[in-house]
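S.K.: Before we start, here is the structure in question, set down as structure tokens.
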Amino acid sequence: MKPLKMLLIAVIVLLVVGCDQASKHIARIRLSDGGVTYLAGGHLALHYVENEGAFLSLGERLPRSARLVAFIAFPLLVLAAMIVVIVRRRDLHPLMLVGFALLLGGGLGNLVDRIFRGGRVSDFVYIVFGRPWTGIFNLADLAIMAGCLLLLFSPGWGRPSSRGASPGARRG
């Protein structure tokens, strides 16, 4: 992998993890009273919670050992696999690289919480539009969603790599 691409990925990952951890630290200090702060005309709400589960608290009632595997060991394997893909594939579209970097940063941000905060992730944001509202989330979750969207809509999907081209493929 080219050094410039590695630097881009490293900068994005470090920015995501840094901003995520800084925002969680501020949320723990400023929102620890259990109240809700509304912003943006009441459409953005800040409320601090500690989540032992995954998205929408799924799995929070699993035994601690199962949560350890599901929310620490498995994500570590997935993040390692993403790093292997990024390093081995030289033909990744730039949007795919940014998408993977956002996924890595968001995943690492939440893993830092899980490892250093007793298996819990700090969540503090939700969006309200009338009756429907989002689940509570954090900046790492937002980075993960943005990374997924970039990967989903990246023009790099479906493009054969030069290493995997069939013998009869046209070269140019």
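S.K.: Tell me which residues, restricted to region 7-33, are without any contact (Cβ under 8 Å) to a residue 60 or more places away in the chain and outside any helix (DSSP H, G or I).
M.R.: Ser32, Asp33 - these are the residues of region 7-33 that are without any contact (Cβ under 8 Å) to a residue 60 or more places away in the chain and outside any helix (DSSP H, G or I).
S.K.: Would you point out the residue of region 91-131, among those that are aromatic (Phe, Trp, Tyr) and closer than 21 Å to His47 by Cβ, that is farthest from the chain's Cα centre (by Cα)?
M.R.: It comes out as Phe129.
S.K.: Here are some residues: Arg114, Arg90. Which one is assigned to a loop (DSSP other than H, G, I, E, B) and over 17 Å from Ala146 (Cα atoms)?
M.R.: Answer to the check: Arg90.
No value in this document is a laboratory result; all are computed from the given coordinates. Everything numeric in this text was worked out from a predicted model, so none of it was measured. In this analysis, Cβ positions are derived from the backbone assuming ideal geometry, glycine residues included, and neighbour counts consider all displayed protein chains.
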